[in-house]
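The values are calculated or read from the model by the stated rules, or taken from the named source; none is laboratory data. Small disclaimer: the values here were computed from a predicted structure and weren't measured. Note that we place each Cβ from the backbone using ideal geometry, even for glycine, and neighbour counts take in every protein chain shown.
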Amino acid sequence: MDIKKVFIAVLSVGLVVMIAAAFFGGDISLKSAAKDEPAAASEEEEAKAFAFETTDINGDSVSLADYADAKVIMVNMWEPWCGPCVNEMPDIERLYQEYKDQGFLVLGVFATVDGDEDAKWVIRSTGVTYPILHASEEFVVFNTGYVPTTVFMDSEGWGLTENAYVGSKSYEDWKAIIEDLLSK
């Protein structure tokens, strides 16, 4: 088998895996970020909660501390070019509107370089009003190689679930997760 055929085969398998994750969902372990089970720290390094400093879609500086009133923060990593990401945004907006008075917050985070105009078009098209942030280096810890990827944390940056959710979910699936987290 020549190198071109091997390359195409590997590329095809990778593409199938990415599509399956996007459409069928999955999870990535976050045990080290869970509040009740902090990561085992070396002598030089203690387990830390997640924190960030970045800019929002309008270029304003923001940090996790700006969202101190939130009980449950859904961090949804998405990209303007990702169909499943964009398709779930109206459902996430609906959940944000339904639960924001109970302490629920959504932060949409994207990393596309020079993607602000495309992101703003998506925001207008989907009716999203929750904060949209640029991914800063701190968000690399949630990089699964797939979008959308979603994590839940409290306002101090401690993980509220053991897993990151890879792939889009239905309104009903997100609602069940959010209601469970808000009830704790």
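What the table below lists for this structure:
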read-out	value
Residues of segment 116-130 satisfying the condition of being more than 15 Å from ASP91 (Cα to Cα) and in contact (Cβ under 8 Å) with a residue 60 or more places away in the chain	ALA119, LYS120
Condition met for LEU107 (free of Cβ contacts under 8 Å to residues at least 60 places away in the same chain, part of a strand (DSSP E or B) and within 18 Å of PHE52 (Cα to Cα))	yes
Residue list for segment 92-112, restricted to those being more than 28 Å from GLU137 (Cα to Cα) and either surrounded by fewer than 20 Cβ atoms within 10 Å (Cβ to Cβ) or in contact with a Ser or Thr (Cβ under 9 Å, 6 or more places away or on another chain) (or both)	ARG94, GLN97, GLU98, ASP101, GLN102
Among the residues listed as MET1, MET89, the single one being modelled with pLDDT under 95 and more than 22 Å from VAL141 (Cα to Cα)	MET1
Exclusive hit being farther than 15 Å from MET74 by Cβ, free of Cβ contacts under 8 Å to residues at least 60 places away in the same chain and within 16 Å of the chain's Cα centre (by Cα), set VAL86, VAL113	VAL86
SER155 assigned to a loop (DSSP other than H, G, I, E, B) and out of contact with any Pro (no Cβ under 7 Å at 6 or more places or on another chain)	yes
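Residue-by-condition table, conditions (1) crowded, with 18+ Cβ neighbours inside 10 Å; (2) over 22 Å from GLU79 (Cα atoms); (3) among the hydrophobic types (A, V, I, L, M, F, W, C); (4) within 14 Å of the chain's Cα centre (by Cα):
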site	(1), (2), (3), (4)
GLU117	no, no, no, no
TYR130	yes, no, no, yes
GLU138	no, no, no, yes
PRO148	yes, no, no, yes
GLU156	no, yes, no, no
VAL166	yes, no, yes, yes
ALA176	no, yes, yes, no
GLU179	no, yes, no, no
LEU182	no, yes, yes, no
